[in-house]
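Worksheet for the structure shown next.
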Amino acid sequence: MTNISSNSVTTPHGVVTSYKLTNASGAYVELQSLGAGVRAICVPDRNGKLDDVALGYADLADYMSDGPCAGKTPGRFANRIALGKFSIDGKDYQLTINNGPNALHGGPTGFQNHIWDSEVIGDTVVFRLFSPDGDEHYPGNLNAEVTYRWDDDNRLAISYKATCDAPTVINLTNHTYFNLAGHNAGAEAMLKHDLQIFAENFLPKDRSAIPVGEYQSVEGTPFDFRKPHHIGDEIGSQMQQMVDDKGYDSSWPIDNWEPGKMKKAVVLSDECSGRVLEIETTQPAAHVYTGNWLAGSPINKSGRSYNDYDGVAIECQGMPDAPNKPKFPSQVLRPGEVYKHEIHFIFKTKL
């Protein structure tokens with residue numbers, strides 16, 4: 001049975017509650033109500049030594065409006081919407097522009113920059129947020145809920161749920177950055193992680209980071225992770241999409257995705273420590289961001305600012321710009337419907 005303890009801290013942004021979920025082996029996860037996020041994940045290496053593999057900051061207050069969105073739940077729509085524009089049922093909406101010409105992660109006051117209501121229910125921690133009609137110019141009142149469960153098999157299960165009273169768009173994910181050698185192990189360690197993505201295709205993007213709307217085979221590209229290999233092997237590719245992003249910041253549609261069905265999407269492993277992270281999800285895509293712009297982030301839990309490529313975020317989500325791409329799975333939520341998705345992070349070791 002997972003033990004859950006909590007602590008509340010007053011910050012300039014309000015009272016932030018943190019939770020520590022410890023399983024029978026002593027491995028633990030720390031969560032926080034600011035952004036309904038993950039602050040730490042402490043799991044064993046092949047020799048049983050525990051280390052924190054989730055990037056995070058020393059000061060809880062620094063999670064507010066941080067550029068990396070470390071560990072948090074972005075929304076109402078994670079990732080980008082082209083020009084911040086979309087239409088539902090013939091009605092046009094204009095969102096706040098906060099990433100070049102586009103809207104990113106729900107805008108400057110997105111879900112990641114709110115202190116969520118929270119409570120412990122049994123062996124879970126539940127975070128809830130009410131997003132009013134017109135919040136960052138999204139339509140409809142929306143109630144969002146994120147539930148975390150940490151078990152004795154070192155599985156962090158995250159469940160998302162939302163309802164609305166008017167047609168809207170929604171796309172929720174988790175934005176934890178991982179370094180399986182330890183959160184402070186640096187870029188050299190992360191770039192040697194082996195990555196496998198169960199995807200035959202990726203999403204090509206234009207120069208403003210918006211998908212063009214078509215899938216492309218990974219064959220012969222730096223986006224081919226069908227067989228595991230080092231993240232850093234082709235991170236310096238001169239392919240335009242890689243140059244524009246200074247690394248990976250792209251989405252892969254998960255093979256054989258079916259609505260509501262859990263699929264293994266990604267496997268991340270670190271040969272040095274023996275730690276392995278398997279990711280399963282009901283979401284249609286995996287977005288991989290190799291921390292290309294982490295430099296200048298707030299002081300971390302070890303007393304320094306992270307550098308570029310110190311961690312990799314693997315965000316299982318709907319397709320970027322889905323509201324404007326009819327071929328992508330729809331992210332429209334209507335009254336009477338329930339948005340439901342799951343992401344499971346399963347930590348293992350190999351000899």
Exercise for the section: Send over a whole-number figure in Å² for the accessible area per residue of the stretch 231-270, probe 1.4 Å. Expected result: 44
Exercise for the section: Might you report the magnitude of the Cβ-based charge dipole of the stretch 21-98 about its Cα centre, with Lys and Arg at +1 and Asp and Glu at -1, to the nearest 20 debye? Expected result: 280
Practice task
Can you tell me how much longer the chain between residue 256 and residue 206 gets when fully stretched, taken as 0.36 nm per residue apart minus their C-alpha distance, in nm with one decimal?
Solution key: 15.4 nm
Fill in the blank from the handout: Of 165-176, 187-198, 89-100, ordering from highest average Cβ density within 10 Å down gives 165-176, 187-198, 89-100
Practice task
Return, for the Cα atoms of the stretch 286-351, the radius of gyration and Dmax in Å, separated by a comma.
Solution key: 17.3, 50
Exercise for the section: Compute from the Cα atoms of the stretch 85-206 the Rg and the Dmax, the latter being the longest Cα-Cα distance, and quote both in angstrom. Expected result: 18.1, 50
Completion exercise
Cα-Cα longer than 20 Å, checked against 85/325; 205/327; 205/227, kept in input order, equals 205/227
Practice task
Using Cα centres only, tell me the gap between the stretch 276-306 and the stretch 237-263 in whole Å.
Solution key: 15
Completion exercise
Semi-axes in Å, largest first, for the stretch 1-47 (Cα gyration tensor, √(5λ)) are 24, 11, 7
Practice task
For the stretch 22-85 and the stretch 155-187, compute the distance between their C-alpha centroids and round to whole Å.
Solution key: 8
Handout entry: Cβ-Cβ FRET estimate between residue 7 and residue 348, R0 fixed at 25 Å, reported to 0.05
Key = 0.30
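When a/c reaches 1.5 or more, the comparison of a/b and b/c decides; with that in mind, is the stretch 221-292 rounded, prolate or oblate per its Cα gyration tensor?
Oblate, because a/c is 1.5 or more while a/b does not exceed b/c.
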Problem - Radius ratio Rg over Rh of the stretch 75-129, counting only Cα atoms, Kirkwood formula for Rh - result: 1.16
Practice task
First measure r as the distance between the Cβ atoms of residue 224 and residue 264, then evaluate 1/(1 + (r/R0)^6) with R0 = 25 Å and state the FRET efficiency to the nearest 0.05.
Solution key: 0.90
Handout entry: Distance (nanometres) between label positions extended 7 Å along Cα→Cβ at residue 133 and residue 47
Key = 6.1
Handout entry: Distance cut-off 19 Å, percentage of C-alpha pairs in the stretch 109-161 lying past it
Key = 36
Exercise for the section: Could you list which residues have their amide H under 5 Å from that of residue 186, counting only those 5 or more apart in sequence or on another chain, with H placed in the peptide plane? Expected result: none
Handout entry: Mean projected area in nm² (Cα convex hull; one quarter of hull surface) for the stretch 19-76
Key = 4.7
Practice task
Enter the per residue convex hull volume of the stretch 173-249, computed from alpha-carbon coordinates, in Å³ rounded to the nearest integer.
Solution key: 114
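Can you sort 25, 131 by 1.4 Å-probe accessible area, starting with the largest?
From most exposed to least exposed: 25, 131.
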Practice task
Take the chain, compute every pairwise Cα distance, and split them into 20 Å bins from 0; I just need the percent in each bin.
Solution key: 32, 61, 6
Problem - Size of charge dipole - the chain - debye, nearest 20, with Cβ of Lys, Arg +1 and Asp, Glu -1, no other charges - result: 200
Fill in the blank from the handout: Length gained, residue 123-residue 293, 0.36 nm per residue minus C-alpha separation, equals 57.6 nm
Handout entry: Cα coordinate range in the stretch 158-287, projected on the principal axes (Å, largest first)
Key = 49, 31, 26
Handout entry: Kirkwood-based shape ratio for the stretch 36-104, expressed as Rg/Rh from alpha carbons
Key = 1.19
Exercise for the section: Run a plain Debye calculation on the stretch 1-115 (Cα atoms as equal point scatterers, no solvent) and give log10 I(q)/I(0) at q = 0.16, 0.18 Å⁻¹, rounded to two decimals, same order as the q list. Expected result: -0.80, -0.91
Practice task
Note down the magnitude of the dipole of the stretch 227-267 about its Cα centre, charges +1 on Lys and Arg C-beta and -1 on Asp and Glu C-beta and zero elsewhere, to the nearest 20 debye.
Solution key: 280
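The values are calculated or read from the model by the stated rules, or taken from the named source; none is laboratory data. Bear in mind that the values here come from a model prediction, so they are computed numbers and not experimental data. Please note: Cβ atoms are built from the backbone with ideal geometry, for glycine as well, and neighbour counts cover all protein chains shown. Just the protein is used for accessible areas: all its heavy atoms, side chains included, with ligands, DNA and RNA removed. Shrake-Rupley method; radii C 1.70, N 1.55, O 1.52, S 1.80 Å.
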